[in-house]
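Trainee: Could you have a look at this structure, given as structure tokens, before my questions?
The values are calculated or read from the model by the stated rules, or taken from the named source; none is laboratory data. Owing to the predicted nature of the structure, the values given are computational and were not obtained by experimental measurement. Reconstructed Cβ throughout: ideal geometry from the backbone, glycine too, with neighbour counts over all protein chains shown.
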Amino acid sequence: MTSSSDIHHKSETPVTLAILAGGKASRLGGVSKALIEINGQSLIRRVYDSLAGLFSEVIVIYNDSLHLPVEAKVYSDIYKETGPLGGIHSALKHATFRDVFIVSVDMPFASMYIANQIVSRRSKNPESDIFVPKVGKYAEPLFGIYSKSIISQVEDILNGEGKFSVSRLLEMCSTCFLELPLSNEVEKAFFNINTYEDLMRLKVGL
């Protein structure tokens, strides 16, 4: 079995993987989502092991002081208490490469296959600011590529009034979509854990 340190350095794809690990999840009783275990493995380890081999750099955006069981540099949000958009901002500021693949830590079935499609299609659309998947009418903004060139747009939203909306960012920028068919496999890939009910669904096999 390939060690995680070998995985970290395997790819020459000039894209940074940024895992948005958040902090304490209020809807899960204040526990750290990143450290929730499924079959003895933490969520962040599952996401890391699933995707890290595709990228040249891995960073984690995390707003807690607890140790994370992955080999990656950890950064906190610059704009505090601003949700996923603040995490995207911090990732774009700290990543080495222009393109940053954003993934939320609460996706236990994050798909290397879909990520690879996004990276491949993105390389053919370098002029776009954002490249994310879309299933039916719904985009999946926390599993896709964001360019450092949009940092100012992100900061405009974070410094403004109203919601810190990732959807609004997609509307403001040049966004391309990878259209995916609605299937059990795709639905599972984008399943995310927000509540105890979601955890229970995992325990019964979705």
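Trainee: Residue check: is I61 among the β-branched types (V, I, T), within 22 Å of P14 (Cα to Cα) and in contact with a helix residue (DSSP H, G or I) (Cβ under 8 Å, 6 or more places away or on another chain)?
Mentor: yes
Trainee: Turning to a different aspect of this structure: Tally the residues that are assigned to a loop (DSSP other than H, G, I, E, B) and not acidic (D, E), restricting the search to the range 116-147.
Mentor: So the count comes out to 8.
Trainee: Does V60 qualify as being crowded, with 19+ Cβ neighbours inside 10 Å, out of contact with any Lys or Arg (no Cβ under 6 Å at 6 or more places or on another chain) and closer than 25 Å to F191 by Cα?
Mentor: yes
Trainee: Of the conditions (1) within 20 Å of G87 (Cα to Cα); (2) part of a loop (DSSP other than H, G, I, E, B); (3) in contact with a strand residue (DSSP E or B) (Cβ under 9 Å, 6 or more places away or on another chain), K163 fails just one. Which one is it?
Mentor: (3)
Trainee: Checking the structure you have, find out if any residue of the range 146-159 is closer than 24 Å to I36 by Cβ and either surrounded by fewer than 20 Cβ atoms within 10 Å (Cβ to Cβ) or small (G, A, S) (or both).
Mentor: No.
Trainee: Being in a helix (DSSP H, G or I), of a type in the set (S, T, N, Q) and either without any contact (Cβ under 8 Å) to a residue 24 or more places away in the chain or touching a strand residue (DSSP E or B) at 6+ places or on another chain (Cβ under 6 Å) (or both) is the filter here, so list the residues in the range 32-68 that pass it.
Mentor: none
Trainee: Residue check, I118 against (1) under 28 Å from E81 (Cβ atoms); (2) crowded, with 16+ Cβ neighbours inside 10 Å, all met but one. Which one?
Mentor: Only one criterion is unmet by I118, namely (1).
Trainee: When the range 60-100 is examined, which residues are found to be within 13 Å of the chain's Cα centre (by Cα) and under 18 Å from A34 (Cβ atoms)?
Mentor: Within the range 60-100, V60, I61, Y62, G83, P84, G86, G87, I88, S90, A91 qualify.
Trainee: On the given criteria, is L54 in contact with a Lys or Arg (Cβ under 9 Å, 6 or more places away or on another chain), surrounded by fewer than 21 Cβ atoms within 10 Å (Cβ to Cβ) and farther than 24 Å from L199 by Cα?
Mentor: In short, yes.
Trainee: Name the residue, out of V135, V154, that is touching a residue at least 12 places away in the same chain (Cβ under 8 Å) and over 22 Å from H89 (Cα atoms).
Mentor: Being touching a residue at least 12 places away in the same chain (Cβ under 8 Å) and over 22 Å from H89 (Cα atoms) holds for just one of V135, V154, which is V135.
Trainee: Sticking with this one: Restricting attention to the range 170-185, does a residue exist that is in a helix (DSSP H, G or I), at pLDDT below 95 and surrounded by fewer than 12 Cβ atoms within 10 Å (Cβ to Cβ)?
Mentor: So far as the range 170-185 goes, yes, one or more of its residues are in a helix (DSSP H, G or I), at pLDDT below 95 and surrounded by fewer than 12 Cβ atoms within 10 Å (Cβ to Cβ).
Trainee: Here's something else I'd like to know. Which residues, taken from the range 150-188, are farther than 16 Å from A115 by Cα and of a type in the set (K, R)?
Mentor: Within the range 150-188, K163, R168 qualify.
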